[in-house]
Amino acid sequence: MSRFQFLLLALSAIFMATAPAHAERIRDLGAFQGVRSNQLTGYGVVVGLDGTGDDNLEYLTQAARGVSGRLGLQLPPGVSPGLKNAAAVIVTAELPAFAKPGQRIDVTVSTMGKAKSLRGGALILSPLYGADGQIYAMAQGNLAVGGLGVSGKDGSKLTVNVPTVGRIVGGASVERAVVTNFDSSAVLRWNLFEADFLTSTRVRDAINVRFPGVASIEDGVTLALYLPTGADTRASMMAQIEMIEVEPAESRAKVIVNSRTGTVVINSAVRLSPAAISHGQLVVRVEEDPRVIQPEPFSRGRTATEEASTLEIEQGYAHVANFQPGASLAQLVDALNLLGVTPSDLVAILESLKQAGALNAEMVVI
């Protein structure tokens, strides 16, 4: 049995052993609107590099002048400082929900120019902005860089991981909190991670069993929750709602094909209409065996080369698998094992079934 056939059998056993439906917590199916993290971005300068920084980039020079000016040091006009020990960087961070001033968050620092490495550098105090243009955090600190870059005088280079990206754990201090109004808004909305009317209905019913008349559906994603105002009462009810278990609707039938690796994933909802699949192998071999021909002695002939080709064609036995209406994933896997398909053959078979209207599933190629 080939490795691919063994994998298909293992997948078949897993799907057959798994129950078709199972309960999930509401917190695993969606999230409350507004209770989320926010992205922050800033521009800064990393100093202290060992000759691996940018080289007189205009925007880095301007940044260096600005930093030195804030510190009371005025660089002579018209003089471009040598900046091989500094690098212009973009600083990014994620501001968690309900983060308060004074709390620390992690930041990621990435080069903008031609800096070769940020190893050993330190980020100068840099503001981090939100989407509204307001400053929400200030970042500063020594970088931890996991990558390594080495170059020789002959131009040879060796790079391990990515030395142009670093991280500062707890490198930013929160200066402004994001207002959520979760404790005072008249309606609190909860959104599914993936739109599904049946799942929305089941979540609404489960919530109303615990808290009668609280939940109503707005669309296939959003539920409106009418909870009492007040942070303490509302937070307690939200915590209880998140832990309610709901049986989600069965996912849509999907076949995921990774065209780069040949990986094919078929979920348990896939069904087949009546169809027959024939799969055989055709092998063509062409061998070239040229021979050297010598002329007769004392003749005026010349040495020549005679081409000799051998052609062989082998055609394997073509198995035929017949599917009855509503064939399941397990039957599909068993049939494909019988045919002895490879990953590339499997993709071709699935595409043919889809074109023939026998595969009742959505095919996604990534």
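So here's what we get for this one:
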| item | result |
| --- | --- |
| Gain on full stretching of the segment that runs from R210 to S173 - 0.36 nm per residue minus C-alpha separation | 9.3 nm |
| Convex hull of the range 181-246 built on C-alpha atoms - directionally averaged projected area, nm² | 4.1 |
| Nonlocal amide H pairs with V255, under 5 Å, H built at 1.01 Å | E362, M363, V364 |
| Listed residue (G113, A177, I135) projecting farthest to the positive dipole end of the range 101-258, Cβ model | G113 |
| Within the range 181-246: Cβ-based charge dipole about Cα centre, in debye rounded to nearest 20 (Lys, Arg +1; Asp, Glu -1) | 160 |
| Cα-derived Rg over Rh, computed across the range 167-277 with Rh taken as Kirkwood radius | 1.16 |
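No value in this document is a laboratory result; all are computed from the given coordinates. From a predicted model like this one, the values you see are computed outputs, not experimental measurements. Methodologically, a virtual Cβ is constructed for each residue, glycine included, from the backbone with ideal geometry; neighbour enumeration extends over all protein chains shown.
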